[in-house]
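Have a look at the structure below before the remarks.
The values are calculated or read from the model by the stated rules, or taken from the named source; none is laboratory data. Because the structure is a prediction, the values reported are computed rather than measured. Backbone-built Cβ (ideal geometry, glycine too); neighbour counts: all protein chains shown. All accessible areas refer to the heavy atoms of the entire protein, side chains included, with ligands and DNA or RNA removed. Shrake-Rupley method; radii C 1.70, N 1.55, O 1.52, S 1.80 Å.
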Amino acid sequence: MTIDMSQILDQLPPFSPSVKMLMQAMEADFVEPSKLETLLLSCPVISGRVLQISNSSFYGLSRQIESLREAIVILGQGTLRGLIYTLSVIKNFEQAKGDEQNGFSFDVLWKHSLYSACLSRTLAEAHNEDASSLFTAALFQHLGLIVLNRVDEIAVREAVRVSQSEHRVLVESIYEHTGVNYIELSYQALEYWHFPQDICNAIRGIACVENTQAVSLIKTSTLVASAFNYPLINGLYLPPISSAELQGVFPGSHFATKCINEADILFEQLAKDILG
Amino acid sequence: MHDDNRRLTEVELSVRKAGIDSFFETYEGNTAMAELKSILLASCEQKHDASASEVSGEGGD
């Protein structure tokens, strides 16, 4: 069976009117801070999380941010745009949290994605890659799986079963059962919502299995998240890393410990601030 | 604002090591994955040992 990706995109859950207005406003190169503050105030869940995350180690600011106006001015519109888009998408899929379907729980899936994102970020910083884009790309790389599951639950269930029982890579198993590369779908969904292009491109790199350091960092982070008891799905087979990739990502065990330690700290904070 | 020197407790160490052992069973025979497993186990031990050395006044890594 083949599913038409454009039809899936048309079925993406809509944002609430206030969130839609906020996201549309942020597409402009510059928005007056007062206007942005007003729009944020009409989205209380998102603005509350913006304040929490502004004060987390994610941004490492030396002073406490106490108001939305301060967050807007100090973080800057570009940074804020990425954060608001990220929080808006997570909020839009929150109704899926707590569900147990097809052998995976959406809570577990988000935790896996968030740990992968935190480690991708710390590794990207250590390797002078774009930490912000890799964080968001790792966070949303499996979004297409959630979207696809809504469209054809039976095909996804069978693909997961085959992946678990035959040690097949999930993205390939899903493709065989639906005709959709679900990571490509993640990319298409973010582009549909007008996410910043560098984030979309990073996810596309994962979908196309590009031979880049950025893709190796995210791939390794995904493996480590699963090994650290944050699996995408229990018993799932993930693509193994090569020796060359491993040497590039973790040039030494002390380097690995430092990055993992930072990722652990970031994850503990963001799991509360982002996932609630 | 946050603990930037987070160490693994005894319980966290054993849970994490069990998770690593279980996860890598699937990849037996794969050299690179065996190397990754060693790195992750070593990092767990380092995070845990540093905690013990701090208690004994030897300092962290």
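In what order, largest first, do A:His194, B:His48 sit by accessible area if the probe radius is 1.4 Å?
Heavy-atom accessible area, descending, gives A:His194, B:His48.
Could you state the per residue volume, in Å³, of the convex hull enclosing the Cα atoms of region A:143-264?
Cα-based convex hull of region A:143-264, divided per residue, equals 120 Å³.
Probe radius 1.4 Å, ligands and nucleic acids left out: can you give me the accessible area buried at the B-A interface, summed over both chains, in Å² to the nearest hundred?
Protein heavy atoms only, the B-A interface buries about 2500 Å².
So, in Å, what gap is there between the alpha-carbon centers of region A:24-46 and region A:57-90?
The two parts, judged by their Cα centres, are 12 Å apart.
Evaluate Rg over Rh across region A:1-64, taking Cα atoms for both radii and Kirkwood's formula for Rh.
1.14
Residue by residue through A:214-227, how many Cβ atoms from other chains fall within 10 Å of the Cβ on average?
Per-residue shielding by partner chains comes out at 2.
Once you list every other residue whose beta carbon is under 11 Å from the beta carbon of A:Lys219, what net charge do they have if Lys and Arg are +1 and Asp and Glu are -1?
With Lys, Arg at +1 and Asp, Glu at -1, the net is -2.
What does the charge count around A:Glu210 come to, taking other residues whose C-beta lies under 11 Å from its C-beta (Lys +1, Arg +1, Asp -1, Glu -1)?
+2
What's the FRET efficiency of A:Arg69 with A:Ser18 using the Cβ-Cβ distance as r and R₀ = 30 Å, to the nearest 0.05? It would help to have the intermediate numbers written out before the result.
On the way: r = 18 Å, r/R0 = 0.61.
It comes to 0.95.
Debye calculation, C-alpha points only, no solvent: report log10 I(q)/I(0) for chain A at q = 0.08, 0.11, 0.12 Å⁻¹, in the same order as the q values.
Rounded to two decimals, the profile gives -0.32, -0.61, -0.73.
Determine by what factor the alpha-carbon radius of gyration of region A:10-160 differs from 2.2 N^0.38 Å, reporting the quotient.
1.13
Answer with one residue from A:Gly76, A:Ile174, A:Ser34: the one whose Cα lies farthest towards the positive end of the charge dipole of the protein assembly as shown, charges on Cβ with Lys, Arg +1 and Asp, Glu -1.
A:Ser34
Can you give the helix-only mean residue ellipticity at 222 nm for the protein assembly as shown, where every DSSP H stretch with n ≥ 4 adds -39500 (n - 2.57) and the sum goes over all residues, rounded to the nearest 500 deg cm²/dmol?
Details: 18 runs with 227 residues, N = 337.
Calculated mean residue ellipticity at 222 nm is -21000 deg cm²/dmol.
Just to compare against my own numbers: the Cα pair-distance distribution for region A:153-203, 10 Å bins, whole % per bin, please.
Bin by bin from 0 Å, the calculated values are 27, 39, 27, 7.
If the reach is capped at under 28 angstrom between alpha carbons, list the lysines near B:Lys37, excluding any in the same chain fewer than eight residues apart.
Cross-link targets: A:Lys111, A:Lys219, A:Lys258, B:Lys17, B:Lys47.
Using alpha-carbon pairs under 8 Å, 6+ residues apart, how would you state the relative contact order of region A:16-170 in percent?
15
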